[in-house]
């Protein structure tokens, strides 16, 4: 195997290993499920996770601000759904639920202590595009040669979103150019590596 193929394989394995084992669904892959849109998410997410992930951003942050949801539960719901989407479509370049959980718990502690949110995006789960740096996370923009570059600080946008209360759980491909097959029938699969 050529060097770049080994690096790509290692990257795919790294992403798969970052998904909590309890969120792995045996037998699903981009090859085994022709239309991810038709996948029965409700069979694999709790009713609460389905409810949370069906809300729009405005209703979500409003519900968190009213204390109806904890930031950690919202982050978990979106990360769980993203983990399933990754298994179906290969759509994540970095997945870091552990960092999201820590960040969301800190937001919940702040809310509990002060009775208010840290900002207008308090608890809003966000996956960033790969050109935005997240401290402690690899940023490679899909280039094999850039694998292994771990960021030492957030980019300006990432910093601003974090200060406003956003919770980051993953990195998505930076551009539609990385799509392998894109069709109008919903069978788009990502193939960065």
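Just give me the residues in segment 99-132 being under 14 Å from the mean Cα position of the chain (by Cα) and free of Cβ contacts under 8 Å to residues at least 40 places away in the same chain, in sequence order.
101, 132, listed by residue number.
Residue check: is residue 21 within 22 Å of residue 138 (Cα to Cα), under 17 Å from the mean Cα position of the chain (by Cα) and loosely packed, with under 12 Cβ neighbours inside 10 Å?
When the stated conditions are applied, residue 21 passes them.
Scanning for something surrounded by fewer than 16 Cβ atoms within 10 Å (Cβ to Cβ), farther than 22 Å from residue 15 by Cβ and at pLDDT below 95, does segment 140-154 turn up at least one residue?
yes
Go through (1) touching a strand residue (DSSP E or B) at 6+ places or on another chain (Cβ under 8 Å); (2) surrounded by fewer than 19 Cβ atoms within 10 Å (Cβ to Cβ) and name the single condition residue 107 misses.
Tallying (1) touching a strand residue (DSSP E or B) at 6+ places or on another chain (Cβ under 8 Å); (2) surrounded by fewer than 19 Cβ atoms within 10 Å (Cβ to Cβ), residue 107 fails exactly one: (2).
What helices (runs of 4 or more DSSP H), lying completely within segment 28-90, carry at least 2 residues that are modelled with pLDDT under 95 and farther than 22 Å from residue 101 by Cα?
Per the criteria, 71-89.
Would you check if residue 189 is modelled with pLDDT of 95 or more and either at negative phi or buried (at least 18 other Cβ atoms within 10 Å of the Cβ) (or both)?
For residue 189, the condition - modelled with pLDDT of 95 or more and either at negative phi or buried (at least 18 other Cβ atoms within 10 Å of the Cβ) (or both) - is not met.
Tell me which residues, restricted to segment 56-104, are in contact with a strand residue (DSSP E or B) (Cβ under 7 Å, 6 or more places away or on another chain) and more than 15 Å from residue 127 (Cβ to Cβ).
Listed by number, the list holds a single entry, 71.
The values are calculated or read from the model by the stated rules, or taken from the named source; none is laboratory data. Computed from a predicted model, the values in this text were never measured in an experiment. Cβ: placed from backbone, ideal geometry, glycine included. Neighbour counts: every protein chain shown.
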